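Below is one structure, written out as structure tokens; the observations come after it.
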Amino acid sequence: MLRRSLFALLLALSLPLAADAPPRELTPRGLENLIAFTRLYGVIRYFHPSDEAAAADWDAIAVNGAETVEGAADAQQLAARLGDVFLPLAPTVRIAPAAALEPAQLPRGVSIVAWEHHGQGQGGRAPYTSERVRRDAVRGSGPLPDPLQPLRLDLGGGVSASVPLAVFGTPLGTLPQADRKPPAHPARTYTGNDRATRIGAVVIAWNALQHFYPYFDVVDTDWPAELRTALQSAATDRDEAAFLRTLRQMIAALDDGHGSVQHPTAAPRATLPLLWRVFDEALVVVAADAGVSGVSVGDEVVAIDGKPALQAVRDTEQLVSASTPESRRTFALRQVMLGAAGTAVTLTLRNPDGSTRTATLARAVRTDPMREKRPDPVAELKPGLWYVDLTRLKDEDVDGTLVRVSGARGIVLDVRGYPRIQTKLLQHLTGAVTESARWNVPVLRRPDREGVEWDTPARWSLQPLQPRLTKNVVFLTDARAISYAESLMGIVEAYELGPIVGETTAGTNGNVNMIALPGGYTIGYTGLKVLKHDGSRHHGVGIAPTVPVSPTLAAIRAGRDEQLEKALQILEQPPM
């Protein structure tokens, strides 16, 4: 092993290092070629089970293969170049202009080999797994694809492909073995400043989501159109920062509140010491850190560094992936504040009397998100009526909190944001066992989510705990509640643990999966599907309040929390 590694290193050092390719527009033919390459890349990478494909360097194939294929002059040349890239990895695949396509004659073996994906599992991130599974060939393929029934693909650009999704195998390997070697890839450093790296990254990202994102059935996204847009943009992006924007626009189209794109050039991110919200057509400060000078709660933000404030928010929304318009706006309001630590932002502010002024604030790294003015994390607001903020309470404080609120007439539980504690407090609010919503991992043996099945792993089963605190509980929530917060609020909704006051949650739940791309980019997305307890849709729907209350500008300027006020009012009502 050491000798092989040394040989590979010496070989790499002997190859010329490829220079970063400069931006260049795609020709119409080049775009069609890359779309055909992208489509075939994903099907072979994830669903053709040959030994050669399983051992391939798929980052190198995406970057160098796209470079090889882009310049094909016609369908005949495109088919030949696709063959150069993929036939050494998938010897049973057939690629040709549509009229000339003939399937391969597969040799028989003792077993049938095919991919079975439980989500996108190549990265080894739980609960997702991908493995090549084997079945006795004599007994048939069972749930696996039939090796003798290949998938027919129209790749565009005048080219079609026949791709077996299962092959025969022996203890020595899959059949047949490739009779040609893949071309040597030039040594190169993957960077977003290189055109080929950018195009290859789009090929990888688009395919991972095309085959494994579980919510295409409920989001209004033209994903093939997004491929065209992203390829064209990647080809002309001036540098790695511009390409980061391209990827973020691509992921925003998923309408996935877990959708994100990260890159070392964008981290760490610092923020302003403010919280703001849009009221009608005005961006208004609703909270500010103590000690911040020049800005007051209730000020309207007219401009941010000279740019109209609402325009800055709307522009940022184009780069934000979210499942509902409300959560997209919430995320964008936070994103528009982000930048490098210590950088200054000049705000143009309008006072309630109509006069304007400017204030310059510095961004700083925070460990805790900004919130509107709230009581202490645990506080008795009126005799016997307690407030507990689950977004600030810590697990080590739960037992002490239980002692303090024991015997309460009523409790307000604040879930306007992301809870920091486990489920224990919730288990003291009911005398019955409660369960979480079901989490569904897609099981895939064919491309494009065709024939998807669902694996439902064990869900939470929460045993009731003593003492029972009270039956008089009200919950606060809004679009800042996402993922784990919605798991908790889903239990509240399903088991009717109390009225829900405020606004609809983010509508995004499920375990996050990751895609690593050449150039140092990382994409996050929701890798499994969560349905409500009754089997209905959660994504893009969320947990709706039973008592809708949205803040008003007048209350913000008066220092009032209308949602908390409504919760206390409900607690003080006599039981029905």
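The values are calculated or read from the model by the stated rules, or taken from the named source; none is laboratory data. Please read these numbers as outputs of a predicted model, since none were measured by experiment. A quick note on method: Cβ atoms are made from the backbone with ideal geometry, for glycine too, and the neighbour counts reach across all protein chains shown. Ligands, DNA and RNA are stripped out before the accessible areas are found, and what is left, the full protein with its side chains, is counted by its heavy atoms. Shrake-Rupley method; radii C 1.70, N 1.55, O 1.52, S 1.80 Å.
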#### Entry: Residue tally, condition surrounded by fewer than 16 Cβ atoms within 10 Å (Cβ to Cβ) and either in contact with a helix residue (DSSP H, G or I) (Cβ under 7 Å, 6 or more places away or on another chain) or charged (D, E, K, R) (or both), over the stretch 370-380
3
### Query
How about the stretch 555-576: which of its residues are open to solvent by 70 Å² or more (accessible area, probe 1.4 Å), within 17 Å of VAL501 (Cα to Cα) and either modelled with pLDDT of 95 or more or of a type in the set (D, E, K, R) (or both)?
ARG560, GLU565, GLN569, GLU572
#### Entry: Checklist (1) of a type outside the set (Ser, Thr, Tyr); (2) closer than 30 Å to VAL69 by Cα; (3) part of a strand (DSSP E or B); (4) open to solvent by 30 Å² or more (accessible area, probe 1.4 Å) applied to ALA114, failing item
(4)
### Query
Mind checking which residues of the stretch 434-481 are touching a helix residue (DSSP H, G or I) at 6+ places or on another chain (Cβ under 7 Å) and assigned to a loop (DSSP other than H, G, I, E, B)?
SER436, ALA437, ARG446, GLN463, PRO464, LEU465, LEU469, ASN472, ALA479, ARG480, ALA481
### Message
Go through (1) closer than 27 Å to ASN509 by Cβ; (2) at pLDDT below 95 for SER355 and report which single condition fails.
### Response
(1)
### Query
Which fully enclosed strands (runs of 3 or more DSSP E) of the stretch 120-181 have 3 or more residues being without any contact (Cβ under 8 Å) to a residue 40 or more places away in the chain?
129-136
### Query
Is the stretch 191-201 home to any residue that is closer than 29 Å to THR324 by Cβ and touching a residue at least 40 places away in the same chain (Cβ under 8 Å)?
yes
### Members of the stretch 525-554 that are assigned to a loop (DSSP other than H, G, I, E, B), open to solvent by 50 Å² or more (accessible area, probe 1.4 Å), out of contact with any helix residue (DSSP H, G or I) (no Cβ under 7 Å at 6 or more places or on another chain) and over 30 Å from ALA282 (Cα atoms)
ASP534
### Message
Going by what's in this entry, would HIS538 be described as of a type outside the set (Phe, Trp, Tyr), closer than 30 Å to ILE204 by Cα and in contact (Cβ under 8 Å) with a residue 24 or more places away in the chain?
### Response
yes
### Task
Might you let me know whether the stretch 123-130 holds any residue that is modelled with pLDDT of 95 or more and within 23 Å of ILE95 (Cβ to Cβ)?
no
### Message
Suppose we filter the stretch 86-103 for residues that are buried (at least 24 other Cβ atoms within 10 Å of the Cβ) and assigned to a helix (DSSP H, G or I); how many remain?
### Response
1
### Scan of the stretch 301-316 for residues that are free of Cβ contacts under 8 Å to residues at least 24 places away in the same chain and either part of a loop (DSSP other than H, G, I, E, B) or surrounded by fewer than 19 Cβ atoms within 10 Å (Cβ to Cβ) (or both), ordered by number
LYS307, PRO308, GLN311, ARG314, ASP315
### Query
Any residue at all in the stretch 488-498 that is surrounded by 17 or more Cβ atoms within 10 Å (Cβ to Cβ), over 28 Å from ALA252 (Cβ atoms) and at pLDDT below 95?
no
### Query
If we keep just the residues of the stretch 166-203 that are within 34 Å of the chain's Cα centre (by Cα) and closer than 13 Å to ALA90 by Cα, which is modelled with the lowest pLDDT?
PRO182
### Message
For the list (1) open to solvent by less than 20 Å² (accessible area, probe 1.4 Å); (2) at negative phi, I need the number of the one condition that GLY298 fails.
### Response
(2)
### Query
What tally of residues in the stretch 360-398 results from selecting those that are farther than 17 Å from LEU426 by Cα, assigned to a strand (DSSP E or B) and either in contact with an Asp or Glu (Cβ under 6 Å, 6 or more places away or on another chain) or charged (D, E, K, R) (or both)?
2
### the stretch 166-194: number of residues that are exposed (fewer than 12 other Cβ atoms within 10 Å of the Cβ) and over 30 Å from ALA137 (Cβ atoms)
1
### Query
Of all residues in the stretch 246-272 being under 11 Å from the mean Cα position of the chain (by Cα) and more than 21 Å from ALA234 (Cβ to Cβ), which is surrounded by the most Cβ atoms within 10 Å (Cβ to Cβ)?
GLY257
### Task
Would you check which residues across the stretch 468-487 are over 25 Å from ASP256 (Cβ atoms) and open to solvent by 10 Å² or more (accessible area, probe 1.4 Å) and list them?
ARG468, LEU469, THR470, LYS471, ASN472
### Query
Does ASP448 fit the bill of being open to solvent by less than 60 Å² (accessible area, probe 1.4 Å), out of contact with any Lys or Arg (no Cβ under 9 Å at 6 or more places or on another chain) and acidic (Asp, Glu)?
yes
### Query
From the set of residues in the stretch 204-236 that are surrounded by fewer than 22 Cβ atoms within 10 Å (Cβ to Cβ) and either closer than 17 Å to TYR190 by Cβ or polar (S, T, N, Q) (or both), which is farthest from the chain's Cα centre (by Cα)?
THR236
### Query
Restricting attention to the stretch 36-51, does a residue exist that is part of a helix (DSSP H, G or I), at pLDDT 95 or above and touching a Ser or Thr at 6+ places or on another chain (Cβ under 6 Å)?
yes
### Query
If you scan the stretch 499-508, which residues turn out to be open to solvent by less than 10 Å² (accessible area, probe 1.4 Å) and out of contact with any Pro (no Cβ under 7 Å at 6 or more places or on another chain)?
THR505, ALA506, GLY507, THR508
